[in-house]
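For reference, the structure is listed below as structure tokens.
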Amino acid sequence: MKAVKLLLGLWLAALALLSPAMAANGPDTGRQILVMLKMPPDHYRPGSAYSGNYGAASTQGARNRIAARIARRHGFTLVDNWPMPMLGVDCFVMSLPDGLTPEAAAAQISHDADVAWSQPLQLYHAQASAPAGDPLLAAEPAAAQWHLTELHRLATGRGVSVAVIDSRIDAAHPDLGGQISLSQDFVGGHGTAAELHGTAVAGVIAAREGNGGIVGIAPRARLMALRACWQQSPAATVCDTLSLAKALQFAIDHHARVINLSLSGPRDMLLGRLVDIGLARGQKVVAAFDPAVPDGGFPASQPGVIAVANTNSTGIPQQIFLAPGRDIPTTAPGGGWTLVDGTSYAAAHVSGLLALMNERQSAGANALVRARGGSLDACASLTAATHMCSCDCADARRAAADEHR
């Protein structure tokens, strides 16, 4: 086994030489707040999607003037705005003068009669650490732990839409070509290079079968590549409140069946309300559990969100699902592959599994089953959703049933 790992490591290192890491600098968010202006109810039409022309020009202009007036009155600078029709607010970004903290500024401006609420623009961090067939399949932990080949005899995620809210995905990668149904960039202005974290998460969820690399958990799912995060360095990927809110609103409006959030950060009112809307519409939201934070961080701590940690983690609360998240071979920018660690990739495994379950039973996909020790039992979960069995999956179902007696 050690020899296999050594050879795999050398092969991946050789591929890495062909795919140099790329970085992009994101916006400066440390001195900014979000200001939500109230909007007349008739501007929001349930079931409609925001297409970039929100409301009449006159009413949008009026909101812009109100925001500019508020900014001048408090000595702030108006930077940007983004309508959030499903929440009934127009979100404005304002930068602050020196000597005023974002928390104090948000509290100060929240008392204005035109403001629904205000909050700091917060940062969120990806939960990853540095690390003709499909030759890497045998090295994937899910191949053995989850009986991945057996799962794919029952479902492949065909046609299920999974929103990957992350850094930029390498859509030209041989394992990801044709897997992405649409791409949107909600960061903007920071280059067009593919980024490590988003590409790796996408590969775990939906890498293609039979093309010389790995196999995703749901190789026939359709990915929405929603860039809300940016790569600061090979080991650091970050997002902010507004970029995540834009991507979440898009994923909800475009009916993503599963929304993958392989990231963690502070609780946030705007993001929390959007997550609640998605959950109320029956969309599955999966998040990475941060073991360094008592409640696992947001959005993992949000009620209704499926929070996931690594199988080998200790001291994890009982309600958290455990999935493979260590020594995971996956896709890297530039057409290569790499090994990754982190709860980001454990969450991606569960998003892929939910895509398999949704293919067979779109109204359900709630019956995630735990095996002995708390790890997620993928076979028992899928067969419960499909009412079908293979030999390995039948064994897993019996073991799960014994566990719950």
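The values are calculated or read from the model by the stated rules, or taken from the named source; none is laboratory data. Note that the coordinates shown come from a computational prediction; the quantities given were computed from them, not determined experimentally. Quick reminder, even Gly has a Cβ in these numbers, built from the backbone with ideal geometry, and neighbours come from all protein chains shown. These accessible areas exclude ligands, DNA and RNA; they are computed on the full protein's heavy atoms, side chains included. Shrake-Rupley method; radii C 1.70, N 1.55, O 1.52, S 1.80 Å.
Here are some notes:
- Cβ pairs under 6 Å, 6+ apart, first in the stretch 235-250 and within 14 Å of Phe298 (Cα to Cα), second small (Gly, Ala, Ser) and at pLDDT 95 or above: Cys239/Ala228; Leu244/Ala228
- The residues in the stretch 251-289 that are more than 20 Å from Asp341 (Cβ to Cβ), open to solvent by less than 20 Å² (accessible area, probe 1.4 Å) and not in a helix (DSSP H, G or I) can be counted, and the count is 6.
- Selection status of Asp175, open to solvent by less than 50 Å² (accessible area, probe 1.4 Å) and more than 26 Å from Phe298 (Cα to Cα): yes
- Screening Trp146 against (1) over 17 Å from Leu354 (Cα atoms); (2) crowded, with 21+ Cβ neighbours inside 10 Å; (3) not acidic (Asp, Glu) leaves a single unmet condition, (1).
- Counted residues, the stretch 233-250 - those being among the β-branched types (Val, Ile, Thr) and buried (at least 24 other Cβ atoms within 10 Å of the Cβ): 2
- If you go through the stretch 290-307 and keep only what is more than 12 Å from the chain's Cα centre (by Cα) and crowded, with 24+ Cβ neighbours inside 10 Å, you end up with Gly296, Gly297.
Residues checked against (1) of a type outside the set (Gly, Ala, Ser); (2) farther than 14 Å from Ile165 by Cα:
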| site | (1), (2) |
| --- | --- |
| Cys239 | yes, no |
| Ala251 | no, no |
| Val258 | yes, no |
| Pro266 | yes, yes |
| Asp290 | yes, yes |
| Gly296 | no, yes |
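- Here Val340 does not fit the description of being open to solvent by less than 30 Å² (accessible area, probe 1.4 Å), modelled with pLDDT of 95 or more, β-branched (Val, Ile, Thr) and not in a helix (DSSP H, G or I).
- Filter result for the condition that a residue is at pLDDT 65 or above and out of contact with any Lys or Arg (no Cβ under 8 Å at 6 or more places or on another chain), over Gly364, Gly374: Gly374
- Among the residues making up the stretch 85-95, those that are surrounded by fewer than 21 Cβ atoms within 10 Å (Cβ to Cβ) and touching a strand residue (DSSP E or B) at 6+ places or on another chain (Cβ under 9 Å) are Leu87, Gly88, Ser95.
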